[in-house]
Amino acid sequence: MTDRLPGFSTLAVHAGAQPDPTTGARATPIYQTTSFVFNDADHAASLFGLQAFGNIYTRIGNPTNAVLEERVAALEGGTAALAVASGHAAQLVVLQQLLRPGDEIIAARKLYGGSINQFTHAFKAFGWNVAWADPDDVASFEQAVTPHTKAIFIESIANPAGSITDIEAIAAVARKAGVPLIVDNTLASPYLIKPIDHGADIVVHSLTKFLGGHGNSLGGIIVDAGTFDWSKDNKYPMLSEPRPEYHGIRIQETFGNFAFAIACRVLGLRDLGPALSPFNAFMILTGIETLPLRMQKHCDNAKAVAEFLSTHPAVSAVNYAGLPGDKYNALQRKYAPKGAGAVFTFSLKGGYDAGVNLVSNLKLFSHLANVGDTRSLVIHPASTTHSQLDDAAKVKSGAAPEVVRLSIGIEDKEDLIADLDQALRA
Amino acid sequence: MNHDAYDDNYIRSILNNVKTIAMVGASPVNVRPSYFAFKYLAQRGYDMIPVNPGHVGKALMGKPFVASLADIDRPIDMIDIFRNSSHIMPVVEEALKLSPLPKVIWMQLGARDDAAAEKAEAAGLKVVMNRCPKIEYGRLSSEISWMGVNSRTLSSKRAPIPTQGMRLSLNRTSFGGGQTAASDRAAKNKTETT
Ligand SMILES: Cc1ncc(COP(=O)(O)O)c(C=O)c1O
């Protein structure tokens, strides 16, 4: 008999969580503590030396956070994960393991606006350079590869326009270049797309969005696919070289196929410090239990709203990969057959002003800068999330002045359509 | 016997039944993976014997190194081979000359020799290849979950209360869990190309 492979919904409820061995508590306890006692001096030394599994201090690990980590690793089909304070912290910690000053990352031009800022400004100050490529043109990734390239970064479903990325094609470029492919899977969640099955080596999430799902907690996570050989060309000294901070341990040699997650924890999180609060981990874990149910409803509602908008006289275009005529429909059917996600954009015939009016006339949609909430959300990217980009970059990243972004919630779709209809007519 | 994937109960019964483990290729250097595994297993109550001809005269955690399996003065249940795939066969051949025979041949993470495995199995031994007993112990006890590692197990049963602070027991019932197929495939491709 081989062990049964549980289905996605079973993993969403159970992975990582078992009854607490000391109290029997069935829900995951919130271990709201900074630190954990050692048995004796040798136990402490073993933990600090990475020789034993266990808890030391919540900046390095926490049992509530660990349940979240194992759960997301299981849902993504990864070997291990590390939870951090936000999606942005996840991106920072990942790249700190891979890049040194003067190194480069190739990133898809269509990314969450905040990520474009993070890469362009904050990371530049670390001497990490970014080369932008067009996710609709795989050759542009290939052309951007140089001897300094250390990673490729894409979103599975890209914010804000909900476009679908050809992960396998870009994974092939990464493999040929000998660098890992990092996929931000925030907008798809593993319910819709499992990037590791398509060749991703590292998956990151903003847990703040669909995984947590209730708009109440910030969080981020890094999932190690356990697929990349970090020691092959000594390009990744954080993983392949003896680490002075741990008496000369080599992380990959010691931790095998979950070495990247360990490097992120003991070299990244430990030293940079963006730890996730155990309370947030608990909130996000509770959210994940209903991910399959919510995500399907998000997608079904989004499709209905997109269909409605596509026939509306005030609307000039709808970008929703779930619509049959959409440019990304074929990729959606390949990568995300259960649904095209719930974040998409549409364009108003009335331009910038119509966008501003729509947002102010809506009564059920909330005007705010987030996605992936139970509630339906609306934003005008040109004046908010993407406002720091220049006009050309706005258009290139799918945030032109007439564009409005929706994140469709799990309310009744008839009510969402009625609200949009009245606001478009007002 | 399928050596690409092992049933959790197969591994659990090995780790529950063996008591004496000879580690071939054990290193006294405290940042080497073999040292980590040796220490971890010793702390979980296994009677560990370090085997390494280069270190005879020294001791690992108080246990004196021996040069070869033949130099061990007591029956051995399991031989954990911390050597590359190309060095496995002679160790297995030596193991099969022991009396009584060991019960288990275990080849470390990264090491695999199917011919050696067949030989040991023909003599009635159990074989595990390309796994680390420390990782497997941590996974099946769920201790490794504290590091955010996918233990590939689920359980609705309360595990035994930890002994000595954070040590969890292997005696836990579990159901299969989240797979790591992509990593398994990558490991297989790597062993096939090297
Ligand atoms: C696709 C994507 N990635 C990353 C982030 C950043 O996540 P956080 O806000 O949790 O730092 C966001 C946030 O909007 C996002 O939408």
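The values are calculated or read from the model by the stated rules, or taken from the named source; none is laboratory data. Source: prediction; values computed, not measured. Counting neighbours? That spans all protein chains shown, and the Cβs are built from the backbone with ideal geometry, glycine included.
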>> Being without any contact (Cβ under 8 Å) to a residue 24 or more places away in the chain and in the same structural domain as A:Asn234 (by TED's automatic domain parsing) narrows it down to one residue among A:Lys150, A:Lys124; which is it?
In response: A:Lys124
> So which of A:Ala423, A:Ala330 is away from the ligand (no atom under 16 Å from the Cβ), away from chain B (no Cβ under 14 Å) and either surrounded by fewer than 19 Cβ atoms within 10 Å (Cβ to Cβ) or β-branched (Val, Ile, Thr) (or both)?
Replying inline: A:Ala330
> Can you find even one residue in segment A:48-66 that is of a type in the set (A, V, I, L, M, F, W, C), under 23 Å from B:Ser174 (Cα atoms), touching a residue at least 40 places away in the same chain (Cβ under 8 Å) and not assigned by TED's automatic domain parsing to the domain that holds A:Lys394?
Replying inline: yes
>> Conditions first: (1) under 18 Å from the mean Cα position of the chain (by Cα); (2) crowded, with 24+ Cβ neighbours inside 10 Å; (3) within 30 Å of A:Ala302 (Cβ to Cβ). A:Leu82 passes all but one, so which condition is the exception?
In response: (3)
> For segment A:389-412, which residues satisfy the criterion of being more than 19 Å from A:Ala302 (Cβ to Cβ), more than 14 Å from the ligand (Cβ to nearest atom) and either within 14 Å of another protein chain (Cβ to nearest Cβ) or in contact with a helix residue (DSSP H, G or I) (Cβ under 8 Å, 6 or more places away or on another chain) (or both)?
Replying inline: A:Leu389, A:Ala393, A:Lys394, A:Ala400, A:Pro401, A:Glu402
>> Tell me yes or no: at least one residue of segment A:243-250 is out of contact with any helix residue (DSSP H, G or I) (no Cβ under 7 Å at 6 or more places or on another chain) and either assigned to a strand (DSSP E or B) or not assigned by TED's automatic domain parsing to the domain that holds A:Lys150 (or both).
In response: yes
> Hey, any hits in segment B:49-72 for a residue that's on the phi < 0 side of the Ramachandran plot and under 12 Å from the mean Cα position of the chain (by Cα)?
Replying inline: no
> Which one is farthest from the other protein chains (Cβ to nearest Cβ) among residues in segment A:12-53 that are outside any loop (DSSP other than H, G, I, E, B) and either at pLDDT 95 or above or farther than 19 Å from B:Gly165 by Cβ (or both)?
Replying inline: A:Ser35
> Which one of A:Ile222, A:Ile202, A:Ile196, A:Ile182 is of a type in the set (Val, Ile, Thr), at pLDDT 95 or above and away from the ligand (no atom under 16 Å from the Cβ)?
Replying inline: A:Ile196
> When you scan segment B:161-177, how many residues do you find that are surrounded by fewer than 13 Cβ atoms within 10 Å (Cβ to Cβ) and within 8 Å of chain A (Cβ to nearest Cβ)?
Replying inline: 2
